[in-house]
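The structure appears right after this line, and notes come after that.
What follows is calculated from the coordinates using simple rules that are stated; it is not laboratory data. Please read these numbers as outputs of a predicted model, since none were measured by experiment. Note: ideal-geometry Cβ built from the backbone for every residue, glycine included; neighbour counts use all protein chains shown.
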Amino acid sequence: MPCGGGIRTIIRYAERGALLGVIGAGICGGPSPGHQVTPQPPARDTIPLRTLAAAHGLRIGAAVDRGFRYAGSDGVTFRTTLVREFSLLTPENDMKHARIHRARDTYRFEPADSLVALAEANGMQVRGHTLVWHRQLGGWLTSGTWTPDSARALLHDHIATVVGHYRGRLAAWDVVNEALADDGSLRPGFWYDRIGRDYIELAFRWRTKRTRMSRCFTTTTPSKGSTRSRIRRMG
């Protein structure tokens, strides 16, 4: 049966041979008698994602937890892939209140410091995440009894200490995380319940007072129109 084109297969592989996609494959007929087909290794992408992004004036980021600190081959693979492919890192948990502010007068910066050090050693930027959130707060904080004034003092101390520690080393801060509920109202939580709606403005003021070099953001999940409208009004 006549046939043209033979075998056309293009396969893209990621690190460790993980199959991303088969663009096209087809076998028509078979090799002529006596003709030996030499198998060809699959093509591999050789251009890092961060290089492709940089060509368009962009950075490509990854949210990272503790995997880059693993010992052994898994840690080596994780770190190698991370620094090769990405140019912006966001700590998934290491900078959240419960991880970094272990007791009222005790801060533990070492885990987050290790992420910042990795980024600085490999020409990457770091986005701080997050200074104020209604979740993942230290148990010493949520189990205590605080007046509005004491809650404001605690929030100020947290922001001033953490931002001051990383002054000049981060590209941006997520200052307030998920302050709005799905219906567009201000979400209840520890800071809102004790300080009121002013906690958002105070957080941005105190962050800016400590460092003006990095950009600052509020983050949310605007799944409904009312939330998107409220964000525009806040802006």
Report summary line: Note: Arg69 to Ala103 extended length (0.36 nm per residue) minus current alpha-carbon separation gives 9.8 nm
Query raised in the report: What are the ³J(HN,Hα) values, in whole Hz, obtained from phi via the Karplus relation 6.51 cos²θ - 1.76 cosθ + 1.60 with θ = phi - 60°, for each residue of segment 88-105 in sequence order, with x given for Gly and Pro?
Result: 9, 10, 10, x, 5, 9, 4, 9, 6, 3, 5, 7, 9, 10, 6, 8, 3, 10
Query raised in the report: Amide H to amide H under 5 Å from Cys216: which residues, 5+ apart in sequence or cross-chain, H placed 1.01 Å off N in plane?
Result: Trp173
**Report entry** Where labels lie 7 Å past Cα in the beta-carbon direction, separation of Asp183 and Ser114 in nm
**Finding:** 4.4 nm
Requested in this report: Give, as ranges by residue number, the residues of segment 169-203 whose backbone N falls under 16 Å from the point 7 Å along Cα→Cβ of Lys209.
Outcome: 198-203
**Report entry** Overall dimensions of segment 49-234 by Cα: Rg and Dmax, Å
**Finding:** 17.4, 53
Query raised in the report: Can you give the Kirkwood hydrodynamic radius of segment 107-193 from its Cα pairs, in Å with one decimal?
Result: 14.7 Å
